[in-house]
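Structure first, commentary second.
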Amino acid sequence: MLGRVSEIFHSVQGEGLYLGEKQLFVRLFGCNLNCRFCDTKLNRFMEYEPHEVVDELKLYDDFHSVSFTGGEPLLQKDFLKESLKLSQQQGFKNYLETNGTLTAELEDVIDFVDIVAMDMKLPSSTDMDQLWDVHQRFLKVASKKEVFVKMIICKATQEKCLREALGLIRNVNKSVIAVLQPNSFEHDDALDALMESFRDICYAEGVTSCIIPQMHKAAGIR
């Protein structure tokens, strides 16, 4: 079984609730979406067997977890599942970063995942069709494990999209924390003000939230 892996490296998590934790990153090639704010344009990969991925992970020490990211890692579900399984057998904690759209694939690997970092794609942010039903089904499965939701906020992001997302979280899993992440391509005072107003809406809607920019970019690390 061969998987397409763009890179494997050791760094510090720069986004979400695990900001600052040392992680090993396994970046899988390919994505099923085309968000206008995407900052991960992958144009190369190497082919790996699952055991080769884990053999490389074993060369490192002093890390919190292994982040399987992309692209969209669930596109390579069978390869991902075997890699997660072997990683778990080594005693590693598995962290899955995903765009939250491939529910059947998540169901097949969820037993081997410890933490799900799930994107929720707001249509006014992504400039794509709405994915609310897809995200709702995905979050139900992800809630079998530790999960938080990340939403990219752009200047074009509409309040009604945020409220739709918050209603979805309340209906599926009230304990989920919503991470509001400013679009790094247009981050300025106006966007900061919008972020603050959106955090106030989260509070009013009863959803725990926080604003976390992409700190690895600010710090100049990978």
Checklist entry - Is it true that some residue in the range 148-155 is within 20 Å of residue 127 (Cβ to Cβ), loosely packed, with under 13 Cβ neighbours inside 10 Å and not β-branched (Val, Ile, Thr)? => result no
Checklist entry - Can you name the number of the only condition in (1) without any contact (Cβ under 8 Å) to a residue 40 or more places away in the chain; (2) touching a helix residue (DSSP H, G or I) at 6+ places or on another chain (Cβ under 9 Å); (3) more than 27 Å from residue 12 (Cβ to Cβ) that residue 78 fails? => result (1)
Checklist outcome for this item: Taking the range 73-98 and the residues there that are crowded, with 22+ Cβ neighbours inside 10 Å and in contact with a Ser or Thr (Cβ under 7 Å, 6 or more places away or on another chain), the one that is nearest to residue 45 (Cα to Cα) would be 73
Next on the checklist: I'd like to check something: does the range 24-43 contain any residue that is basic (Lys, Arg) and within 21 Å of residue 147 (Cα to Cα)?
Outcome noted: yes
Checklist entry - What are the residues in the range 54-79 that are hydrophobic (A, V, I, L, M, F, W, C), more than 15 Å from the chain's Cα centre (by Cα) and either under 24 Å from residue 138 (Cβ atoms) or outside any helix (DSSP H, G or I) (or both), if any? => result 59, 63, 79
Item to check | Given (1) surrounded by fewer than 21 Cβ atoms within 10 Å (Cβ to Cβ); (2) at pLDDT 95 or above, number of the condition residue 67 does not satisfy | outcome: (1)
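Listed here are the residues, each with its yes/no results for (1) of a type in the set (D, E, K, R); (2) loosely packed, with under 15 Cβ neighbours inside 10 Å.
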| residue | (1), (2) |
| --- | --- |
| 4 | yes, no |
| 9 | no, yes |
| 13 | no, no |
| 26 | no, no |
| 50 | no, no |
| 55 | yes, yes |
| 58 | yes, yes |
Checklist entry - Between a first residue in the range 162-181 that is closer than 19 Å to residue 15 by Cα and a second residue that is part of a strand (DSSP E or B) and among the hydroxyl-bearing types (Ser, Thr, Tyr), which pairs have beta carbons less than 7 Å apart while being 6 or more apart in sequence or on different chains? => result 177/209; 178/209; 180/209
Next on the checklist: With the structure loaded, tell me whether residue 18 is on the phi < 0 side of the Ramachandran plot, in contact (Cβ under 8 Å) with a residue 60 or more places away in the chain and touching a strand residue (DSSP E or B) at 6+ places or on another chain (Cβ under 8 Å) or whether it fails that test.
Outcome noted: yes
Item to check | Considering residues of the range 98-157 that are acidic (Asp, Glu), over 19 Å from residue 87 (Cβ atoms) and part of a loop (DSSP other than H, G, I, E, B) only, the residue modelled with the lowest pLDDT | outcome: 127
Next on the checklist: Taking the criterion of being among the hydrophobic types (A, V, I, L, M, F, W, C), in contact with a Lys or Arg (Cβ under 7 Å, 6 or more places away or on another chain) and farther than 29 Å from residue 104 by Cβ, would at least one residue in the range 173-181 satisfy it?
Outcome noted: no
Checklist entry - Do the conditions hold for residue 41, that is, is it surrounded by fewer than 14 Cβ atoms within 10 Å (Cβ to Cβ) and either within 19 Å of the chain's Cα centre (by Cα) or within 20 Å of residue 115 (Cα to Cα) (or both)? => result yes
Item to check | Per-region count, the range 21-53, residues touching a residue at least 40 places away in the same chain (Cβ under 8 Å), assigned to a loop (DSSP other than H, G, I, E, B) and not charged (D, E, K, R) | outcome: 9
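The values are calculated or read from the model by the stated rules, or taken from the named source; none is laboratory data. Owing to the predicted nature of the structure, the values given are computational and were not obtained by experimental measurement. Neighbour counts run over all protein chains shown; Cβ positions are idealised from the backbone, glycine included.
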